[in-house]
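The structure appears right after this line, and notes come after that.
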Amino acid sequence: MDQGKSLIVALSQDAALNRPVEAREHVRRMHELFFTLAPDKAAIESNINRAMYLADKSLYSYYRDWNEKGYYNRLISGNINQTVLVDSMQCDFDNYPYRITTFARQMIIRNSNITERSLVTRCFLQSTVRSDNNPQGFMAERFEILENRDIRTVER
């Protein structure tokens, strides 16, 4: 019992308080899976497939377009590693679905240089069923890349 309430009610209230934390983690993880890539076809496919459980077809559209343009093949043939680090997020938890704008940095690591890029994205989070593939129980919808530009390149 929690202040005269049942344990179920107390636990559900705690879960609601954690929802913003879970939302930010969901978006951070989706970005890590989708934008952190190694020059290995199996690793790329694994990360992309895991990211697809966290978003709707808008994320898949980016994957399909980049795949058709040979982006992933160029990563593999050029032995290029790509990582992403989420710097911050602007989250609107007052309106549903929740609007999330993510600010991140991409590092594209080649044999000859390292390129740092600014990555800004936006999506809307809809609650969905929790599963092993989607532990936070959110679906990112209407994902879009607002900015993806070079900041600097450092020779190696």
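The values are calculated or read from the model by the stated rules, or taken from the named source; none is laboratory data. Worth saying up front: this structure is predicted, and the values here are computed from it rather than measured. Neighbour counts are summed over all protein chains in view; Cβ atoms, including those assigned to glycine, are modelled from backbone coordinates with ideal geometry. Only protein heavy atoms, including side chains, enter the accessible area calculation; ligands, DNA and RNA are left aside. Shrake-Rupley method; radii C 1.70, N 1.55, O 1.52, S 1.80 Å.
Compared with the alpha-carbon gap, the fully stretched path from ASP87 to TYR60 is longer by 7.4 nm at 0.36 nm per residue. Using Cα centres only, tell me the gap between the stretch 84-136 and the stretch 25-77 in whole Å. So the separation of the two Cα centres works out to 13 Å. Nonpolar atom fraction for the chain, defined as the carbon and sulfur part of the 1.4 Å probe accessible area, stands at 49 percent.
A dipole drawn for the stretch 87-144 from +1 and -1 charges on Cβ atoms has a positive end, and of LEU125, PHE138, ALA104 the residue lying farthest that way is ALA104.
From the list (i) 9.4; (ii) 10.3; (iii) 10.8, can you say which value of mean projected area of the Cα convex hull in nm² was derived from the structure given? The value matching this structure is (iii).
At 1.4 Å probe size, put SER61, SER118 in order of accessible surface, largest to smallest. Intermediate values should be presented prior to the final figure.
Details: SER61 40, SER118 15 Å².
Accessible-area ranking of SER61, SER118, largest first: SER61, SER118.
On a per residue basis, the chain carries 58 Å² of accessible surface, using protein heavy atoms and a 1.4 Å probe.
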